[in-house]
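A short worksheet on the structure shown next.
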Amino acid sequence: MHKLKVNGVIHHVEGGESNLLDFLRDELQITSMKNGCGEGACGACMVLVDGKAMRACLFTIAKVDSKSIVTVEGLSYREKEAYAWAFAEAGAVQCGFCIPGMVISTKALLDKNPQPSKREIKEAIRGNICRCTGYVKIEKAIALAAAVLRGDLNIPMTDNRLGVGISVHRVDAREKTLGTGEYVDDMQVEGMLYGAVLRPKAARLLIKKIDISAAKALPGVEAVLTAKDIPGQRHWGFIAKDWPALVAEGEETRYIGDALAIVAARTRRIAREAVKAICVEYEELEPIVTTGAALSEGAPSLHPKGNLLSKTHVRRGNPESALARSAHVVTHRYTTPATEHAFLEPESALAVPGADGELTVYVGTQSVYKDQQGIMTILGLPAEKVRVIAKLIGGGFGGKEDLSVQHHAALLAYATKKPVKLTLTRQESIHVHPKRHAMELEITTGCDAEGNLTAIVARIVADTGAYASLGPAVLERACTHVAGPYHVPNADITGLCVYTNNPPAGAFRGFGVPQAAFACEGNMDLLTEKAGISPWEFRFRNALTPGMVNATGQIADEGTAIKETLLAVRDAYESHPYAGIACAMKNTGIGVGLPDIGRVKLRVKDGVVRILTSAACIGQGMATIVSQIVAEVTGLPIERLTVALPETGVTPDAGTTTASRQTLFTGEAARQAALALLEALNETERDGALESSEALGAIEALEALEGREFSGEYHGITDPLNSPKANPVNHVAYSYATHVVLLDEQGRVSKVVAAHDVGRAINPKAIEGQIEGAVAMGLGFALREKFPLKGGVPQVKFGTLGLFRSTDMPEIETIIVEKNPSPLAFGAKGVGEIATIPVAPAVASAYYRFDRQKRFDLPLKGTPYDKG
């Protein structure tokens, strides 16, 4: 028997080998600390052990015998108020999954050192990874909390201003900071079973037989399902229905993350034992792990239609003739690796059957409606029988668009008629969900003697791995953006999307454009040398301005501000000897002729406007954005607005949180709905004035609208790629950016200056946070992040991915450029993706100035960050 004190309460615990984190979360149901990796690398499970910040996942109960454990729940009222205010005020909370762990590390620091320096703050949270914020605003929050707790700063009265252009506190900042907000794996329901998945031993196996008899016989096992138990369609997918929910006997596995069988059991331990008890007879086949091998003559077909999933071709003008006439031409080949999203929250779903045959699935997802479509197809159920509800989402970056756990949890719950929770371990997550596409890009770019771009010819080959996911769309976006934010009158761009036995590749922040920009901007720097023009001047000379035509033929609109971003960083670039520069553009919205709709409903109940939309918040602050827009239109105060969680059948389908689309699309839908509400409020006030001598106030008018609903929709009407139109509109808007990266004398990144054309800043502080976090991700992509594979099997753990920590981060200066006359969503454009795109090419540009070595592959070799 072991004794430990948790938040002041003594607990006697049997079983000293039990994991401390599991005990706290599962037995005591203290869930502020999160299981982000299970290997002591992320810091999301940080607790105080006798006053020291320690990772709970590394401790057994025996190791903390007779010790005092403190979690965020155990902090004093004063401490909680200080942290909740400071993290909200600084804008330090995005997805929020890492924040309680940050708070614990902060308390450990401040208890010993109430007035820490910037360096001491960085060191204190070095054990805590944040994938969203870039740490900048977390460090500011810690300094603010320290000042409050020292008594040097009083928490000000709440500012109830809420409107467009104001850096308001995020509406979910408090619950995320204090750990009271609920993520799926925090949930427990009565009678809940635990799910587990059997996956192949290698990437490509011919499955001959799956024997589940031993697993079914284990006490505590309630279901073991294989492919033959799927009641509906077995294959799913966004673009191609090529991904089996479970691989059947007689079929080949296509990657290490395929599912062969799924188990539901009364405990997590029993479920995992049952998976190990399943006997699989198989023949191991040689995996195809390169695009070259996949496209070679005689290669085995991984899918019925072959290994070439899709081809994209864009052509304008006569690039061959233009290149022949060009004064300067450069051709180079670039490679970029697959990379891992590394969102802090591993995938988790809880499926709960209802009495009437309805199934409710709780999940952290980028689209509840896409999940519903996938689950109902696999189960063979109508939409009204499958209800999907999004809880808080601990980061996504595109990695939570595909089905990962939700369909398996649903199958098990459907079979057992009991609730089933299925949560991936971190290593499973790394094996299972789609990654950033590895790409090979060969680019030829020409200019005339004055440095004006003449043509681009590009060939891009993308490794889309085992399944299509969103590969064809990612490739298409790489092709349409590889010419950059420049006027290039002639273009011939070809892209190939190729199946291999590597983990699938799909949506990842930037959606193919980070890879394309690395190649495009690399050629820009080489051309500047040949033309004898400075890299800044060369880009400025060729940058799009309103009325010019981009490489796909779309005319740049009045909100185009790439030149303004270049002007904003000119001094930073020209005043430093080791400065690199890169520009970028990124579409807002899915575009290319596909349906693209944002939807919002406003429902008045009990004198409060409930904002209903399925637009998922994966850290960007969607609930805050729509609240600000509704408040701007109606003038209603914050206490009269609330935002519902996305839920099928309740919140209208606003499409997937992808393509930097939600602020514009769902923001505009919110504006339209708010205008309808405003009109009704005004009518109510006028009617009230006629009935009495005193006009009804705004709040009374709102109460008079009890039960009313007001809807708004925005349809983005676009033309498909290669439309016969001379100047098609492929996307409703584009954002633009220029980044400058500065190196110190030792060759380390000392500062990043990021100028962004955002159209209109709905919440400036939130935009800064998005940019800072994207810069951190871009630095990792440029300098350290690798995803090595052997036979299609990842050779990494979370702790070896190369993610940037607080002590790695340079200074980041964000410059927000606002220039957009469009009334849509008050002129806002996407910023979530674009801030990652220019980072890697700007870093490469800086190193070229530093040591005159041109680097054509990511991550960059021969830098202080290169560990071999």
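Per DSSP helix of 4 or more residues, -39500 (n - 2.57); summed, then divided by the residues of the chain. What does that give at 222 nm, rounded to the nearest 500? Mind showing how you got there, number by number?
Working: 21 runs with 247 residues, N = 868.
Result for the chain, helices only: -9000 deg cm²/dmol.
Over its Cα atoms, what ratio of radius of gyration to 2.2 N^0.38 Å does the chain give?
Values: Rg = 27.0 Å, N = 868, 2.2 N^0.38 = 28.8 Å.
The chain yields a ratio of 0.94.
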**Message:** On alpha carbon coordinates alone, what is the Rg over Rh value for region 427-486, Rh being the Kirkwood radius?
**Reply:** 1.15
**Prompt:** Hey, what did region 94-202 get for relative contact order, percent, Cα under 8 Å, at least 6 apart?
**Reply:** 34
**Request:** Note down the net charge around Asn318, summing +1 for each Lys or Arg and -1 for each Asp or Glu among other residues with Cβ under 12 Å from its Cβ.
**Result:** +1
**Message:** With just the Cα atoms defining each centre, how far is region 229-285 from region 58-85? Give it in Å.
**Reply:** 39
**Item:** Calculated diffusion of region 642-778, Stokes-Einstein form, Kirkwood radius summed over Cα pairs, 25 °C and 0.890 mPa s, µm²/s
**Value:** 125
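Do me a favour and compute the ellipsoid semi-axes for region 76-136 from its Cα gyration tensor, root of five times each eigenvalue, largest one first, whole Å. Intermediate values should be presented prior to the final figure.
Working: eigenvalues 57, 47, 21 Å².
Semi-axes (√(5λ), whole Å): 17, 15, 10.
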**Prompt:** So how far, in whole Å, is the C-alpha centre of region 377-425 from the one of region 518-543?
**Reply:** 48
**Message:** Counting other beta carbons within 10 Å of each residue's own, what order do Cys37, Cys520 fall into, fewest first?
**Reply:** Cys37, Cys520
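What is the dipole size for the chain, taken about its Cα centre, with +1 at each Lys and Arg Cβ and -1 at each Asp and Glu Cβ, in debye to the nearest 20? Spell out each step's value before the answer.
On the way: 93 positive and 98 negative charges, 383 e Å.
About 1840 debye.
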**Asked** Mind checking the log10 I(q)/I(0) for region 391-456 at q = 0.14, 0.29 Å⁻¹? Debye, one equal scatterer per Cα, no solvent, two decimals.
**Response** -0.63, -1.27
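I need Met192, Met622, Met809 ordered by Cβ neighbour count within 10 Å, fewest first. Please list the in-between numbers first.
Values: Met192 17, Met622 24, Met809 20.
In order of increasing Cβ crowding within 10 Å: Met192, Met809, Met622.
Most exposed first by the Cβ proxy, i.e. fewest other Cβ within 10 Å, how do Leu636, Leu285 rank? Could you put the intermediate results ahead of the total?
Details: Leu636 22, Leu285 15.
Ordered from fewest to most neighbouring Cβ atoms within 10 Å, Leu636, Leu285 come out as Leu285, Leu636.
Could you tell me what a quarter of the Cα convex hull surface of region 597-715 works out to, in nm² with one decimal place? Don't skip to the end; give the middle numbers.
On the way: hull surface 27.9 nm².
The orientation-averaged projected area of the Cα hull of region 597-715 comes to 7.0 nm².
Would you work out the Kirkwood radius for region 377-528? I mean one over the mean of 1/r across all pairs of different Cα atoms, in Å. Please list the in-between numbers first.
On the way: mean 1/r = 0.0555 Å⁻¹.
Hydrodynamic radius (Kirkwood, Cα only) of region 377-528 equals 18.0 Å.
Using only Cα atoms, what Kirkwood radius does region 259-386 have, in angstroms? Working shown, then result.
Details: mean 1/r = 0.0467 Å⁻¹.
By the Kirkwood definition, the hydrodynamic radius is 21.4 Å.
Below 8 Å, C-alpha to C-alpha, sequence gap of six or more: please give me the relative contact order for region 597-715 in percent.
On the way: 232 pairs, mean separation 48.5, N = 119.
Relative contact order for region 597-715 comes out at 41 percent.
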**Asked** When only Cα pairs under 8 Å and 6 or more residues apart are kept, what is the percent relative contact order across the chain?
**Response** 14
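About the Cα centre of region 2-178, what is the dipole size in debye to 20, counting +1 per Lys and Arg Cβ and -1 per Asp and Glu Cβ, all else neutral? Working shown, then result.
Working: 24 positive and 20 negative charges, 108 e Å.
Here the size comes out at about 520 debye.
Distances over 19 Å make up what percent of all Cα-Cα pairs in region 2-178? It would help to have the intermediate numbers written out before the result.
Details: 8629 of 15576 pairs.
Of all Cα-Cα distances in region 2-178, 55 percent exceed 19 Å.
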**Asked** Roughly how many nanometres apart are two label points built 7 Å out from the Cα toward the Cβ at Glu120 and Arg805?
**Response** 1.9
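Where a number appears in this text, it was derived from the coordinates with a stated rule and is not lab data. Computed from a prediction, not measured in an experiment: that's the story for all the values here. Every residue, glycine among them, receives a Cβ derived from its backbone with ideal geometry; neighbour counts consider all protein chains shown.
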